[in-house]
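First up is the structure itself, then whatever we jot down about it.
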Amino acid sequence: MEADSRGRQWTRTAARISRISLLLLAWFTTSVTRADTNLLTLSLSDLMTKSIMRVSEPLSSVPAAVAVVTGNDIHRSGARTIPEALRLVPGLNVAQLDAAQWAVSARGFNDVFANKLLVMQDGRSIYTPLFSGVFWDVQGTMMEDIDRIEVVRGPGATLWGANAVNGVINIITKSAKETQGTLLTAGGGTQYRGFAGARYGGQLNENTHYRFYAAYANHNDAVLPNGNEAFDSWHLARGGFRVDWDAGDQNSFTFQGDGYAGWFHQIYGLFNPANPPTFSSFVRDEYEPRGGNVLGRWTRVFSASSELKLQVYYDRTEREAVIFREERDTVDLDLQHQFALGERNNVVWGFGYRVTSDREANNPTITFTPDNRTVHLFSAFVQDELTMLRNDAGENVVNLTFGSKFEHNDYTGIEIQPGARLLWAPRQRHTLWASISRAVRTPSRAEDDIALTQPTPGGPVTIYGNRRFESEELTAYELGYRARLHETFSVDAAAFYNVYDNLRSIEFGPSPTQPPGPFPTFPLHAENRLRGETYGAEFSAEWRVNDRWRLRPAYTFFEMQLRAGPGSTDTMSLQDEGKNPQHQFSLRSSMTLPHNIDFDCTFRYVDNLSAINVSSYVTADVRLGWRINRHWEIAVVGQNLVENRHAEFRPSFITTQTADIPRSVYGQVTCRF
Amino acid sequence: MLKPIASLMLLLATLAGGITARAQGSDSLPEYQLKALFLYNFAKFVDWPAGTFPETNSPIIIGVLGKDRFGPILDKTINQPLNGHPFVIRRFATVAEADGCHILFISDQETRRLDEILRSLKGRSILTVSEIENFARQGGLIQFITVDDKIRFLINNNAARSSGLRISSQLLNLAVKIYPDTPAAK
């Protein structure tokens with residue numbers, strides 16, 4: 001019966017889509033009868049609605065698998081949150097669990113608690129040292145303020161340090177000078193019940209620019225696999241400011257800050273010792289995360305080839321849920337100096353200090369021993385880019401970049417992460433690169449100190465942390481090729497072979513260092529007895545079909561083999577192999593139609609995740625926008641359009657509801673003046 | 001299965017749309033192609049003193065002073081005459097050579113020499129355009145700025161008047177700011 005109604009819904013959707021496409025086709029064909037117009041006939045007002053096209057050339061000299069998603073790409077995709085924008089990046093695994101939870105990773109190990117990616121916003125680390133992953137539900141900023149998101153797949157450990165094991169994501173916002181004037185936006189739809197944003201940018205004097213913003217979003221529940229509403233709706237308010245001061249030719253200062261407060265619905269599976277025989281309760285909770293940060297940065301330019309950067313930030317997060325309560329303060333200081341040494345060397349070095357201090361409120365389900373802890377991290381790095389060969393035109397033909405990061409952390413002491421990358425440009429517009437690097441993922445607070453009790457069919461189980469937990473290690477071998485094969489066509493390919501050691505395993509028995517809890521639950525504890533290899537390849541291309549149509553396909557192939565080391569009793573973690581799709585494919589089409597209408601489609605295919613029973617899916621996001629004039633723009637965005645609803649991922653470690661992602665649509669109006 | 005059919009239809013609609021669409025350019029253009037188009041439009045909406053173009057086909061001369069960030073795109077874009085006046089593009093290294101231009105685009109590399117350049121051009125009916133910071137405030141006529149990835153411009157109308165140029169109100173209305181900074185100027 002469900003299949004039947006599904007079939008009917010299918011036919012209705014297909015009919016709707018073909019009707020719309022026929023209308024569009026009719027519209028285009030009538031405009032064809034007009035003579036071919038050229039750019040000189042564009043009016044001044046029209047010119048003022050055009051964006052500056054970002055040329056992606058600079059990437060050709062980077063010896064790593066890099067992708068940049070521009071603010072314009074994000075705008076054209078209709079993404080309203082950071083994870084939605086990350087879907088545009090070739091090679092990333094982005095899976096939505098429910099209305100607020102996301103699992104994001106690169107090159108495997110995806111999970112809601114994925115821990116192998118370093119994520120930063122404007123140089124501020126936004127992954128939590130609690131589990132070395134990101135609380136995606138609260139990350140973000142006004143989407144219109146994002147200048148670009150840079151993603152490096154592969155270890156970025158040399159420059160960025162521990163936790164940059166499988167990749168680095170850096171979300172970069174526009175400078176205050178680039179966001180002058182007023183911007184107002186508002187919209188709503190089926191999943192995004194309502195959202196609004198306002199931003200004002202001005203200048204105090206010729207050299208000092210500022211902006212303020214405030215944004216609010218209210219999101220509906222997702223759906224359960226049986227079609228009913230889930231209990232995961234949320235709303236979040238955020239605001240912030242940025243001031244940029246250009247103090248002369250050599251010095252510039254930035255001062256910025258943000259704050260947010262949210263209210264999220266979720267159903268948690270709790271350990272309830274007073275509730276035999278399952279000893280569990282499922283509780284409907286409204287959890288409240290809050291946070292804020294301030295950041296200051298000083299850049300001093302000594303010469304065209306020498307620059308110094310000093311940055312300090314303070315970050316505070318609070319999270320209050322029935323299952324978990326934490327307050328965390330982080331202060332980070334970072335210094336970086338870049339200079340040319342002789343004719344052939346470009347050296348970057350720096351050092352940093354970070355202190356993070358937390359207070360946890362314990363409950364029977366999640367307990368931390370000790371319940372508050374302050375952790376210090378000292379780091380230093382040095383990297384040299386050596387030009388080995390130049391051609392007659394003075395361009396670099398062979399470049400060797402090598403260096404290392406040195407860290408001292410409170411969990412494992414000293415960690416050294418060296419790496420070397422070779423770049424060869426055999427011809428103009430063709431680049432080959434190769435690299436070998438070592439990266440480590442240092443223990444998190446949870447792996448050291450947690451006691452997490454969850455109900456299972458066989459009775460309650462407690463996973464204990466282990467103060468002797470070691471860093472996970474990676475040795476990565478990578479190869480890449482980038483070429484502009486034609487004015488209109490470029491390709492980017494990367495292949496990797498990663499060897500992991502000391503991966504986290506969950507072993508039977510009590511923890512060697514953490515005391516057992518007060519209740520008789522079955523004990524497990526964290527060790528490092530898993531190892532394995534991953535290998536894969538990532539391809540992406542860009543084809544400018546003509547002036548108004550751009551196609552960007554991307555394909556990722558991935559394989560993972562995990563093995564339990566000697567003495568390991570862990571069979572659970574080996575299942576993680578099946579949490580990564582073997583194939584991923586996406587196709588982005590960006591089209592500009594007559595009368596300043598933008599039409600963007602993104603198709604995505606993700607292979608099945610056998611370990612968590614998530615089948616493969618195809619989905620599509622579509623945006624139709626109209627830049628009415630230089631002040632007004634309206635848009636309609638459809639997301640997850642292909643199926644009525646589909647599953648992308650499932651929870652782990654902490655039991656939350658199992659949800660599917662429904663088809664949705666929203667409309668938006670934006671005004672700039 | 002109906003799923004792939006709907007996807008295929010959407011794909012085909014997209015492809016079909018792309019092949020038949022003839023639009024006036026995409027939503028984004030290379031930076032200097034956009035600026036070249038703005039220069040063409042500035043020529044449209046600025047009046048030079050009577051006698052500047054004696055014949056109906058006297059050329060309009062656009063000069064680029066200093067490091068040329070336009071490159072060949074400038075000549076390729078401005079390839080049609082305006083009201084019968086063909087465009088001629090010249091490139092200069094020093095302001096002394098820049099005689100006879102009607103529009104002069106001053107490179108951002110000339111920031112240090114800006115005062116000297118504006119002084120030597122004083123009184124001449126040349127529409128000076130630049131991306132240099134504070135160009136309009138310092139007496140340049142039209143200054144390009146970038147806001148949210150889009151091109152905007154500031155106009156110094158006083159300097160325009162003292163140069164004998166009349167900027168049409170259509171152009172003034174689209175400027176983000178008009179110097180001098182008095183309420184009357186807005």
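The values are calculated or read from the model by the stated rules, or taken from the named source; none is laboratory data. Here the structure is a predicted model, which means the values were calculated and not measured. A quick note on method: Cβ atoms are made from the backbone with ideal geometry, for glycine too, and the neighbour counts reach across all protein chains shown. Calculation scope for accessible area: heavy atoms of the full protein, side chains included, ligands and nucleic acids excluded. Shrake-Rupley method; radii C 1.70, N 1.55, O 1.52, S 1.80 Å.
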Quick check: anything in the range B:43-60 open to solvent by 90 Å² or more (accessible area, probe 1.4 Å), within 26 Å of residue B:115 (Cα to Cα) and without any contact (Cβ under 8 Å) to a residue 60 or more places away in the chain? no
Of the residues in the range A:650-668, those that are more than 30 Å from residue A:460 (Cα to Cα) and either open to solvent by 40 Å² or more (accessible area, probe 1.4 Å) or among the basic types (Lys, Arg) (or both) number 2
Single match in A:573, A:616, A:568, A:589 (criterion: surrounded by fewer than 20 Cβ atoms within 10 Å (Cβ to Cβ) and at pLDDT 95 or above): A:616
Of the residues A:130, A:118, which single one is more than 14 Å from chain B (Cβ to nearest Cβ), in a strand (DSSP E or B) and at pLDDT below 95? A:118
Before we move on, is residue A:183 surrounded by fewer than 21 Cβ atoms within 10 Å (Cβ to Cβ) and out of contact with any His (no Cβ under 8 Å at 6 or more places or on another chain)? no
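What tally of residues in the range A:313-367 results from selecting those that are in a loop (DSSP other than H, G, I, E, B), farther than 30 Å from residue A:402 by Cβ and of a type in the set (Gly, Ala, Ser)?
Of the residues in the range A:313-367, 0 are in a loop (DSSP other than H, G, I, E, B), farther than 30 Å from residue A:402 by Cβ and of a type in the set (Gly, Ala, Ser).
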Candidates A:596, A:608, A:613 - the one that is touching a residue at least 12 places away in the same chain (Cβ under 8 Å) and under 30 Å from residue B:151 (Cβ atoms): A:596
Give me the residue from the range B:61-96 that is of a type in the set (Gly, Ala, Ser) and either farther than 28 Å from residue B:115 by Cβ or out of contact with any Asp or Glu (no Cβ under 7 Å at 6 or more places or on another chain) (or both) and, out of that set, surrounded by the fewest Cβ atoms within 10 Å (Cβ to Cβ). B:96
For the range A:517-536, check the following and say yes or no: at least one residue is aromatic (Phe, Trp, Tyr), open to solvent by 20 Å² or more (accessible area, probe 1.4 Å), under 30 Å from residue A:362 (Cβ atoms) and assigned to a loop (DSSP other than H, G, I, E, B). yes
Taking residue B:99 as the residue in question, decide whether it is buried (at least 21 other Cβ atoms within 10 Å of the Cβ) and either free of Cβ contacts under 8 Å to residues at least 12 places away in the same chain or of a type in the set (Lys, Arg) (or both). no
Just to be sure I understand the filter: pairs with C-beta atoms under 9 Å, separated by 6 or more residues or on different chains, first member in the range A:640-660 and over 15 Å from residue A:606 (Cα atoms), second member aromatic (Phe, Trp, Tyr) and open to solvent by less than 30 Å² (accessible area, probe 1.4 Å). Which pairs pass? A:644/A:10; A:653/A:131; A:654/A:268; A:654/A:324; A:655/A:268; A:656/A:268; A:657/A:268
Here is a list: A:290, A:325, A:242. Which entry is surrounded by fewer than 20 Cβ atoms within 10 Å (Cβ to Cβ) and at pLDDT 95 or above? A:290
If I go through the range A:497-516 residue by residue, how many of them are open to solvent by less than 10 Å² (accessible area, probe 1.4 Å) and of a type in the set (Phe, Trp, Tyr)? 1
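Does residue B:89 count as within 12 Å of chain A (Cβ to nearest Cβ) and touching a helix residue (DSSP H, G or I) at 6+ places or on another chain (Cβ under 8 Å)?
No.
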Do we have any residue at all in the range A:153-169 that's without any contact (Cβ under 8 Å) to a residue 60 or more places away in the chain and touching a strand residue (DSSP E or B) at 6+ places or on another chain (Cβ under 6 Å)? yes
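Looking at A:503, A:551, A:474, which one is closer than 30 Å to residue A:50 by Cβ and either over 22 Å from the mean Cα position of the chain (by Cα) or more than 14 Å from every other protein chain (Cβ to nearest Cβ) (or both)?
A:551
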Suppose we filter the range B:108-143 for residues that are open to solvent by 10 Å² or more (accessible area, probe 1.4 Å), within 14 Å of chain A (Cβ to nearest Cβ) and in a loop (DSSP other than H, G, I, E, B); how many remain? 5
Within the range A:205-225, residues being open to solvent by less than 50 Å² (accessible area, probe 1.4 Å) and outside any strand (DSSP E or B) number 4
Assuming residue B:101 fulfils every condition listed in (1) within 14 Å of chain A (Cβ to nearest Cβ); (2) more than 30 Å from residue A:145 (Cα to Cα) apart from one, which condition is it? (1)
Count, please, the residues in the range A:625-649 that happen to be within 11 Å of chain B (Cβ to nearest Cβ) and buried (at least 18 other Cβ atoms within 10 Å of the Cβ). 9
Find the residue count for the range A:460-482, including only residues that are surrounded by fewer than 17 Cβ atoms within 10 Å (Cβ to Cβ) and touching a strand residue (DSSP E or B) at 6+ places or on another chain (Cβ under 8 Å). 5
Among (1) buried (at least 17 other Cβ atoms within 10 Å of the Cβ); (2) away from chain B (no Cβ under 14 Å); (3) in contact with a strand residue (DSSP E or B) (Cβ under 7 Å, 6 or more places away or on another chain), where does residue A:602 come up short? (2)
Taking residue A:413 as meeting all but one of (1) without any contact (Cβ under 8 Å) to a residue 12 or more places away in the chain; (2) open to solvent by 60 Å² or more (accessible area, probe 1.4 Å), write down the number of the exception. (2)
So, in the range A:261-309, of the ones that are assigned to a strand (DSSP E or B) and of a type in the set (Val, Ile, Thr), which residue ends up farthest from residue A:650 (Cα to Cα)? A:301
Working carefully through the options A:237, A:274, A:261, find the one that is touching a Pro at 6+ places or on another chain (Cβ under 9 Å), without any contact (Cβ under 8 Å) to a residue 60 or more places away in the chain and surrounded by fewer than 20 Cβ atoms within 10 Å (Cβ to Cβ). A:261
Give the number of residues within the range A:464-499 that are within 30 Å of residue A:553 (Cα to Cα) and assigned to a strand (DSSP E or B). 24
